[in-house]
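The values are calculated or read from the model by the stated rules, or taken from the named source; none is laboratory data. Remember, predicted model here, so these are calculated numbers, not experimental data. Heads up, the Cβs are rebuilt from the backbone with ideal geometry, glycines too, and the neighbour counts pull from every protein chain shown. Accessible surface areas use protein heavy atoms only, side chains included; no ligands, DNA or RNA. Shrake-Rupley method; radii C 1.70, N 1.55, O 1.52, S 1.80 Å.
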Amino acid sequence: MQSSAYGASLAGGAFDLVNFVTQPQTILRCLSWLFSVVVFATITAEGYVNPTQEPDTKCIFNKNDSACSYGVGIGVLAFLACVVFLMLDAYFPQISNAKERKCIVIGDLVFSAAWTFLWFICFCVLANQWSKTSDPEAAVAPDAARAIVAFSFFSIITWGLLSFFALGRYRQGVSEFDQEYRDPANDHSTPYPPAPYASSSGPTGYQQSPFSHNQEQPGEYQPPAY
């Protein structure tokens, strides 16, 4: 029998575009996708400058190329993850296998929680390096640097909310699984309840046959009278 955990019993319905677009998770994924594009695209386009006294380009965040590379890497992976999870969210109602639905929910929870933490690190690193940047370098692209830091902070919020919704779906799936499984010994709703004399050798209401006493203790033999 197919398990109904994680909403597997409700699978197979028609795809509702309006319901999918208005879901909080869909809106948050689109925002996360947009924020990641702003971060890595801005760093790629305006995050590197070429000082007049140096031949190579340097990151605008205190000339720390690792900070720019970290922001680009986190942003690109977040961009790809949002696309993948959006497709999984659209296909999720059609999945009837409870194990596959559970894997998707757990994967969403783990990835969202991990990227919330990684975006927090990205925000802290970029904000710290920007605060240490000297004034001549800050005059090159100050608006771009502030936008990168700001949208890194916004990404923490959106991915944190995605983690919250993923945790709610996971708890709901676990609750459905617990409600579905019942111990037969403690389940009083089954059509065949346990026998009342299961622990005894026979029924408690058994009475001895009325003829057994006469058979065990027969009277004296009396010959017939002629």
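Report whether or not Lys63 is assigned to a helix (DSSP H, G or I), open to solvent by 70 Å² or more (accessible area, probe 1.4 Å) and either among the acidic types (Asp, Glu) or over 15 Å from Thr42 (Cα atoms) (or both). Explain how you work it out, then say what you get.
Values: assigned to a helix (DSSP H, G or I): no; open to solvent by 70 Å² or more (accessible area, probe 1.4 Å): yes; either among the acidic types (Asp, Glu) or over 15 Å from Thr42 (Cα atoms) (or both): yes.
Against the criterion (assigned to a helix (DSSP H, G or I), open to solvent by 70 Å² or more (accessible area, probe 1.4 Å) and either among the acidic types (Asp, Glu) or over 15 Å from Thr42 (Cα atoms) (or both)), Lys63 does not qualify.
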query = Hey, any hits in region 75-96 for a residue that's outside any helix (DSSP H, G or I), touching a helix residue (DSSP H, G or I) at 6+ places or on another chain (Cβ under 7 Å) and open to solvent by 20 Å² or more (accessible area, probe 1.4 Å)?
reply = yes
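Out of the residues in region 99-125 that are among the small types (Gly, Ala, Ser) and touching a residue at least 40 places away in the same chain (Cβ under 8 Å), which is surrounded by the most Cβ atoms within 10 Å (Cβ to Cβ)?
Of all residues in region 99-125, those among the small types (Gly, Ala, Ser) come to 107, 112-114.
Add one more test, that the residue is touching a residue at least 40 places away in the same chain (Cβ under 8 Å), and what stays is 112-113.
Details: Ser112: 25, Ala113: 17.
Filtering region 99-125 for residues that are among the small types (Gly, Ala, Ser) and touching a residue at least 40 places away in the same chain (Cβ under 8 Å), the one surrounded by the most Cβ atoms within 10 Å (Cβ to Cβ) comes out as Ser112.
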message = Return the residues of region 126-135 that are open to solvent by 40 Å² or more (accessible area, probe 1.4 Å) and either in contact with a His (Cβ under 7 Å, 6 or more places away or on another chain) or at pLDDT below 85 (or both); say none if nothing qualifies.
response = Ser134, Asp135
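Among the residues of region 24-41, which ones are of a type in the set (Ser, Thr, Tyr) and either free of Cβ contacts under 8 Å to residues at least 12 places away in the same chain or more than 13 Å from Gly73 (Cα to Cα) (or both)?
Within region 24-41, Thr26, Ser32 qualify.
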key: Unmet requirement for Ala138, which otherwise passes all of (1) at pLDDT below 90; (2) open to solvent by 30 Å² or more (accessible area, probe 1.4 Å)   = (2)
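In this structure, does Gly47 turn out to be open to solvent by less than 40 Å² (accessible area, probe 1.4 Å), among the small types (Gly, Ala, Ser) and touching a Ser or Thr at 6+ places or on another chain (Cβ under 9 Å)? Show your work before the answer.
Values: open to solvent by less than 40 Å² (accessible area, probe 1.4 Å): yes; among the small types (Gly, Ala, Ser): yes; touching a Ser or Thr at 6+ places or on another chain (Cβ under 9 Å): no.
For Gly47, the condition - open to solvent by less than 40 Å² (accessible area, probe 1.4 Å), among the small types (Gly, Ala, Ser) and touching a Ser or Thr at 6+ places or on another chain (Cβ under 9 Å) - is not met.
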ask   = Going through region 21-33 one residue at a time, which ones are surrounded by 16 or more Cβ atoms within 10 Å (Cβ to Cβ) and not basic (Lys, Arg)?
value = Gln25, Thr26, Leu28, Leu31, Ser32, Trp33
remark   = Contact list, first residue from region 55-78 and on the phi > 0 side of the Ramachandran plot, second anywhere and of a type outside the set (Gly, Ala, Ser) and open to solvent by 10 Å² or more (accessible area, probe 1.4 Å), beta-carbon distance below 7 Å, six or more apart or interchain, is Asn62/Gln129; Asn62/Lys132; Asn62/Thr133
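Condition check ((1) among the hydrophobic types (A, V, I, L, M, F, W, C); (2) modelled with pLDDT of 90 or more) across all residues:
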| site | (1), (2) |
| --- | --- |
| Pro51 | no, no |
| Ala67 | yes, yes |
| Phe79 | yes, yes |
| Val84 | yes, yes |
| Met87 | yes, yes |
| Gln94 | no, no |
| Ala98 | yes, no |
| Arg101 | no, no |
| Val110 | yes, yes |
